[in-house]
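In what follows, a single structure is set out as structure tokens and then discussed.
The values are calculated or read from the model by the stated rules, or taken from the named source; none is laboratory data. Values in this document were obtained by computation on a predicted structure and should not be read as measured data. Cβ sites come from the backbone with ideal geometry, for glycine too, and all protein chains shown count toward neighbours.
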Amino acid sequence: MNIRKVVLSDIESFVDLYVLSYKGLEEYAYTQRKDIEDYFKWLLKRDSEGFLIVEMNEPVAFVACDANWFSGVDGEIVGEIHELFVHPNYRRRGIGSTLVEKAVDYARRRNRRTMGLWVGVKNLSAKEFYREMGFIERLSLGKWTRMIKILEN
């Protein structure tokens, strides 16, 4: 498993894997290719150091951690996981957990006290995954649930 920082030339792999990973969860995803490309560019611009790809002969997962994110809900700059997805054929192998750990480590190195993310209210498997990673549900707004993890330095 090779983990490296994302570069602009990863955009096609990101778009293709994003569409595949969000099958059945389209209510929480961008569905137009142009929107996904714009999202990729936004993630890369927000915090390129925290945007990682996993390759195993092919791209299989991405995480976008933004250590510069001001969370109005939390009232502070946090480490924010804007995106995490793993190719369906590679799930349940520890790849997602490894990426969350990398994101948490990155946020800690940037002296963040809180790690946050939004997950779909009905995305029960993702919510359970994040609970197993030490996140707690903070609140729900519309179709989204806010989850946080307090980071100990």
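Summary table below
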item	result
Options Arg4, Arg92; residue that is of a type in the set (D, E, K, R), out of contact with any Cys (no Cβ under 8 Å at 6 or more places or on another chain), modelled with pLDDT under 95 and exposed (fewer than 12 other Cβ atoms within 10 Å of the Cβ)	Arg92
Unmet criterion (only one of (1) closer than 30 Å to Arg113 by Cα; (2) touching a Gly at 6+ places or on another chain (Cβ under 9 Å)) for Leu25	(1)
Number of the exception - Lys34 against (1) free of Cβ contacts under 8 Å to residues at least 12 places away in the same chain; (2) in a loop (DSSP other than H, G, I, E, B); (3) more than 27 Å from Arg138 (Cβ to Cβ)	(2)
Meets criteria (β-branched (Val, Ile, Thr), surrounded by 14 or more Cβ atoms within 10 Å (Cβ to Cβ), under 20 Å from Asn123 (Cβ atoms) and in contact (Cβ under 8 Å) with a residue 12 or more places away in the chain) for Val15	no
Subset of segment 111-153 [buried (at least 18 other Cβ atoms within 10 Å of the Cβ) and basic (Lys, Arg)]	Arg112, Arg146, Lys149
Flag for Val60 being at pLDDT 95 or above and among the aliphatic types (A, V, I, L, M)	yes
